[in-house]
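Working notes, structure below.
The values are calculated or read from the model by the stated rules, or taken from the named source; none is laboratory data. Fair warning: this is a prediction, and the values are worked out from it, not measured in the lab. As a convention, Cβ positions derive from the backbone with ideal geometry for all residues, glycine included, and neighbour counts pool all protein chains shown.
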């Protein structure tokens, strides 16, 4: 690893660290790569049977007592224990710059500063730190490099990373909890009751602490952050925490961005697990060949706490990286490429694949560490560069692509559930002579995709009640379905009385707005604020529409939302709906990428997605005469106009009369599976029609999900 020479503080004092008891002397040989703390022995241990599972706990643990507080680290509880140790002044006299217990910022060129704490060598379970070095434990995760004092908060805190990275938010929360305890800063407590949203309370407290930190930690200032004598020895030992051996210094603030990237070398706001975690050095560089790139090590961050296999490459994956992969794998930037590295779901500087039909990118650190030193520079010079998912070879250094990665990726999202629910009730098919027309309640109806698909399948529709507030969407539905839709306005105004009056219903469908759920939106408010709360309107009306006890008639429901949502939001939605979602990407049955989660009890939701002869799988099939497709499939089309542009160079997807051109509205309608001119009503502009399509469902996907309903309801 690269180390940074130390710049000692003025007039450093001389003093050695006190040795731990003989029974705790480490026997492992010196290693500059990685260490973990031994499991602490607690005299008054709490009954383990009374502890909550990690799944039941919030992302952050709100500590009310700083003397014996608890903080979350990588999904585990880390007990803050008061150790009986010799009284030693908190600052060393070895000229190393930072004292035991100090709160610091760590930095690697091109990445966000990360908060950590200087700890004693014996807490790591390893040997003494070499001359001029310190052991550092990082809040939230095992990340490392040169250091700054926490008092440099306004310079080191990175808002973009805070908005996008849950681990960074957790790290900031943890370090400011410790800082506020040391400074004696008390923040107003939020009123709590049984219905209080814990995540909201934590977010409010975190916001208050960040404002305090940005203001200079007043009134005590940097002096108040110094560790008291009682914290001369680190008290947050956790056998799963990662420690690193890093040179300590107080460097000037480095630039958050490096040189202007080339056309296939771009920079993203984020962090790379490989670049910031030294486990890779200990596990990949120094490990036996038989261990490298096997399920025994997480190839995303280097952790040995592996819980499953990486879906794309030979190697393991830890729980934290799994959660990150679930959130980021289908998150795309405006250029249509993945927002983060395919391997580690991090990376600020990434290489983008030159294959027009590929949207993957790989961070420089993963490439150099796994493929080989200098591999990133070689890729930059290669034009076009095909990534490690598109290349003809399957093996690139330690990076070995799985031959069955498509099915593994599908299973990764299908089996990623950390909650188990009873299987949905299975209704036997209704005899043909007893089938009746279907009655549908559609919430957040959009442009009536559900009704269109039911008609295409030949299912008779007795009643279609739709809740929608967009005037353009309502106009499309009224015109295209000739007034057969009963619009009832805002979903929040629909009551139990209305459901009883309009019902009974056989099918309830909907997909609440995703703006405040998608992690693509840095200003998202989550499931419990903004438009995210509209999910609970779906849940409320679904509960009202369910058949009463004793009524065994077939009843089905479907809820849809984005894949790129936070793991905690997905978990909460699943908990309320008592069902795990299936992930379906429209690229299998259309000419566009569009990955979505679907919750429901429709028969056969987990069956493989198969295209029909009428599905247009290539973009060329969707174009008008005389126009040539530059790509076989387009990126996810959203409400934003620039989502039509493709690739790292932002090309238009169509070539006509020797010029690039955008997709016409009729062509976008074909991409989504709608009839031509379906949205051509009321003299709507091209952008308005794109907005309607960008919020809609993919017709072939909904047809795939609704097809089994033909066994239950009357058909034409």
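Is it the case that residue 667 is free of Cβ contacts under 8 Å to residues at least 60 places away in the same chain and part of a strand (DSSP E or B)? So that I can check it myself, show each step before the final result.
Numbers: free of Cβ contacts under 8 Å to residues at least 60 places away in the same chain: yes; part of a strand (DSSP E or B): no.
Criteria not met by residue 667.
Scoring residue 427 on the criteria (1) in the same structural domain as residue 567 (by the TED database); (2) in a loop (DSSP other than H, G, I, E, B) leaves a single failure, condition (1).
Here residue 553 meets each of (1) touching a residue at least 24 places away in the same chain (Cβ under 8 Å); (2) more than 18 Å from residue 446 (Cα to Cα); (3) more than 20 Å from the chain's Cα centre (by Cα); (4) surrounded by 16 or more Cβ atoms within 10 Å (Cβ to Cβ) with one exception, condition (4).
Residue check: is residue 527 outside any helix (DSSP H, G or I) and over 27 Å from residue 429 (Cβ atoms)?
Working: outside any helix (DSSP H, G or I): yes; over 27 Å from residue 429 (Cβ atoms): yes.
So residue 527 fits the description; yes.
Of the residues 403, 420, the single one that is at pLDDT 85 or above and exposed (fewer than 12 other Cβ atoms within 10 Å of the Cβ) is 403.
Of all residues in segment 295-321, exactly one satisfies the criterion of being farther than 17 Å from residue 397 by Cα, outside any loop (DSSP other than H, G, I, E, B) and touching a helix residue (DSSP H, G or I) at 6+ places or on another chain (Cβ under 6 Å), namely 307. Entry remark, segment 483-523: residues being touching a residue at least 24 places away in the same chain (Cβ under 8 Å), within 15 Å of the chain's Cα centre (by Cα) and part of a loop (DSSP other than H, G, I, E, B) number 6 in total.
One residue alone among 603, 608 is surrounded by 17 or more Cβ atoms within 10 Å (Cβ to Cβ) and under 30 Å from the mean Cα position of the chain (by Cα), and that residue is 603.
Taking the conditions exactly as written (loosely packed, with under 14 Cβ neighbours inside 10 Å and over 23 Å from residue 609 (Cβ atoms)), does residue 381 satisfy them or not? Here the answer is yes, as residue 381 does meet what is asked.
Summed over segment 463-482, the residues that are farther than 9 Å from residue 447 by Cβ, touching a residue at least 24 places away in the same chain (Cβ under 8 Å), under 38 Å from the mean Cα position of the chain (by Cα) and part of a helix (DSSP H, G or I) give a count of 1.
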